[in-house]
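The values are calculated or read from the model by the stated rules, or taken from the named source; none is laboratory data. What you see is a predicted model, and the numbers here were worked out from it, not measured in a lab. Positions of Cβ are generated from backbone atoms using ideal geometry, with glycine treated the same way; all protein chains shown enter the neighbour counts. Heavy atoms of the whole protein, side chains included, go into the accessibility calculation; ligands, DNA and RNA do not. Shrake-Rupley method; radii C 1.70, N 1.55, O 1.52, S 1.80 Å.
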Amino acid sequence: MESKTIPYFHSLEMTHPIWERFFQVFPLTLIGSKEPDGNYDLAPKHMAMPMSWQHYFGFVCAPTHGTYQNIQREGYFTVSYPRPQQVVMTSLSASPRQCDDSKPTVTALPTIPSLHGDGIFLKDAYLYLECTLDRFVDHLGPNSLIIGKVIAAHVHEEMLLQEENSEEQIHNHPLLAYLHPRRFATIQDSLAFPMPAGFKR
Ligand SMILES: Cc1cc2nc3c(=O)[nH]c(=O)nc-3n(C[C@H](O)[C@H](O)[C@H](O)COP(=O)(O)O)c2cc1C
């Protein structure tokens with residue numbers, strides 16, 4: 001039987017992960033959690049976003065990662081949204097663990113304590129969330145979705161939404177985008193989204 005095609009499109013083989021075959025725009029976050037030895041972990045996650053208009057935040061993680069196990073044990077995690085100039089620090093937090101399971105590169109990163117739970121944030125990031133574990137959605141292949149209830153949010157004053165001059169605000173305080181796979185962008189230029197007349201959420 002003749003297989004169907006879309007002109008100019010390449011239908012990907014579903015036997016391999018498709019997400020490595022094209023670029024997509026993601027945020028880049030650092031998830032903070034407390035390790036069994038009392039130290040704190042930071043790990044980058046790009047598959048991360050609000051899970052509702054209400055106060056839920058979720059990200060994809062593997063149950064084999066320290067992050068998953070820490071959150072399962074502690075029931076609490078933090079989220080830091082780094083700025084473009086912090087991309088190297090963000091990457092370093094994905095450095096492999098040592099034989100004793102420690103992550104010395106993370107210990108070297110500048111952090112500040114979170115306010116409501118036992119955790120840390122990356123210093124000088126622009127947005128911080130504190131979450132309690134709401135639920136795991138397991139068995140998404142080798143991955144899981146970790147959903148937290150956001151119990152506190154802290155945004156740098158220079159990033160607090162100003163409807164009047166958003167264009168200038170983003171220009172002066174650019175945002176970091178992760179372009180999976182393996183690229184990033186600094187978002188400095190933006191335009192008002194052309195909302196349809198009468199639009200309601
Ligand atoms: C740019 C970048 C983005 C990543 N995004 C994710 C992600 O969305 N989900 C995930 O499970 N791992 C992601 N990772 C990999 C883990 O965060 C990484 O392996 C981490 O170091 C695991 O550490 P842990 O054992 O301390 O949790 C990403 C790594 C990098 C460098």
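Below, the figures for the structure above:
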read-out	value
Answer residue from region 1-30, given it is within 10 Å of the ligand (Cβ to nearest atom) and in contact with a Pro (Cβ under 8 Å, 6 or more places away or on another chain) and is nearest to residue 95 (Cα to Cα) among those	30
Scan of region 33-88 for residues that are more than 7 Å from the ligand (Cβ to nearest atom), free of Cβ contacts under 8 Å to residues at least 60 places away in the same chain, in contact with a strand residue (DSSP E or B) (Cβ under 7 Å, 6 or more places away or on another chain) and assigned to a helix (DSSP H, G or I), ordered by number	70, 74
Restricting region 172-201 to residues that are away from the ligand (no atom under 16 Å from the Cβ) and open to solvent by less than 60 Å² (accessible area, probe 1.4 Å), the residue that is farthest from residue 80 (Cα to Cα)	190
Selection within region 106-120 - open to solvent by less than 50 Å² (accessible area, probe 1.4 Å) and more than 25 Å from residue 84 (Cβ to Cβ)	117
Residue ID - least open to solvent (accessible area, probe 1.4 Å), chosen from residues in region 126-136 that are within 16 Å of the ligand (Cβ to nearest atom) and under 13 Å from residue 31 (Cα atoms)	131
Any hit, region 21-28, residues being part of a loop (DSSP other than H, G, I, E, B), over 25 Å from residue 98 (Cα atoms), without any contact (Cβ under 8 Å) to a residue 24 or more places away in the chain and out of contact with any helix residue (DSSP H, G or I) (no Cβ under 7 Å at 6 or more places or on another chain)	yes
Hey, residue 163 more than 16 Å from the ligand (Cβ to nearest atom), modelled with pLDDT of 95 or more and surrounded by fewer than 14 Cβ atoms within 10 Å (Cβ to Cβ) or not	no
Exclusive hit being modelled with pLDDT under 95 and either surrounded by 14 or more Cβ atoms within 10 Å (Cβ to Cβ) or of a type outside the set (Val, Ile, Thr) (or both), set 149, 103, 123	103
Subset of region 58-75 (residues that are under 11 Å from residue 148 (Cα atoms) and open to solvent by less than 20 Å² (accessible area, probe 1.4 Å))	58, 59, 71
